[in-house]
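The values are calculated or read from the model by the stated rules, or taken from the named source; none is laboratory data. What you are looking at is a predicted structure, and each value in this text was computed from that prediction instead of being measured. Here the Cβ positions follow ideal geometry from the backbone for every residue, glycine too, while neighbour counts run over all protein chains shown. Side chains are part of the model used for accessible areas, which takes the heavy atoms of the whole protein and leaves out ligands, DNA and RNA. Shrake-Rupley method; radii C 1.70, N 1.55, O 1.52, S 1.80 Å.
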Amino acid sequence: QDLSKLDKKVLVEKPGRRVKGPSDTEKHVARNWFGMQSSEVDENARKTLAILANRHAIDPKRFYRKENRKTGEIPKHFQVGTVMQGATEFYSARMNRSERKSNLAEELLGDDRLRPYIKRKFSELQTTSMAHGKMANKKQQQKRMPKWRQAAEAGRKKKQKRR
């Protein structure tokens with residue numbers, strides 16, 4: 001083989017653009033979030049995020065700063081963790097196995113300190129919805145109705161009562 005016939009130029013190709021595989025797009029790592037991976041959004045995570053967005057309604061005596069995201073919008077990067085007690089907190093801050101719940105919603109519903117407040121707020125909402133129910137809506141419609149129509153409705157009702 002004669003190597004002298006080959007050109008002295010060496011062609012170097014630019015490396016092709018790297019195509020992202022499915023693993024890169026599924027678990028996107030953000031540099032702005034210190035390498036935090038985007039989490040899966042399942043039903044449990046949706047409920048937890050909804051509770052955190054409305055945490056000002058759960059504890060009225062605490063102030064929570066307003067979040068800078070729109071309502072119903074799910075953040076791309078979030079993590080949910082479990083607080084582990086140390087060995088020194090065995091008697092002071094320990095939760096029994098019966099007190100531990102699988103998610104945040106069950107934990108809030110099972111809290112003895114919050115239960116009376118939640119029950120009171122629920123009953124208040126029920127009474128206001130009953131007060132503004134079907135009959136209240138009819139009364140509002142009667143107020144908005146023109147006078148000539150009100151007189152016609154009253155005449156029809158009198159005729160029906162006579163029969």
* Per residue, the convex hull volume that the Cα atoms of segment 64-104 enclose (Å³) -> 145 Å³
* **Carbon + sulfur, % of accessible area of segment 75-163 - ligands and nucleic acids excluded, 1.4 Å** => 54 percent
* Give the accessible surface of segment 73-114 per residue, rounded to a whole number of Å², with probe radius 1.4 Å and ligands, DNA and RNA excluded. => 88 Å²
* Structure fact -> If every Lys and Arg gets +1 and every Asp and Glu gets -1 at its Cβ, then about the Cα centre segment 69-117 yields a dipole, in debye to the nearest 20, of 160 debye
* To do: Using a cut-off of 14 Å between beta-carbons, work out the net charge of the residues near Lys143 (Lys and Arg +1, Asp and Glu -1, Lys143 not included).
  => +4
* Asked: For Thr127 and Lys61, FRET efficiency with R0 = 30 Å and r from the beta-carbon atoms, rounded to 0.05?
  -> 0.85
* Once you have a ≥ b ≥ c as the square roots of the Cα gyration tensor eigenvalues for segment 34-143, tell me rounded if a/c is under 1.5, and otherwise prolate or oblate according to whether a/b is larger than b/c. => oblate
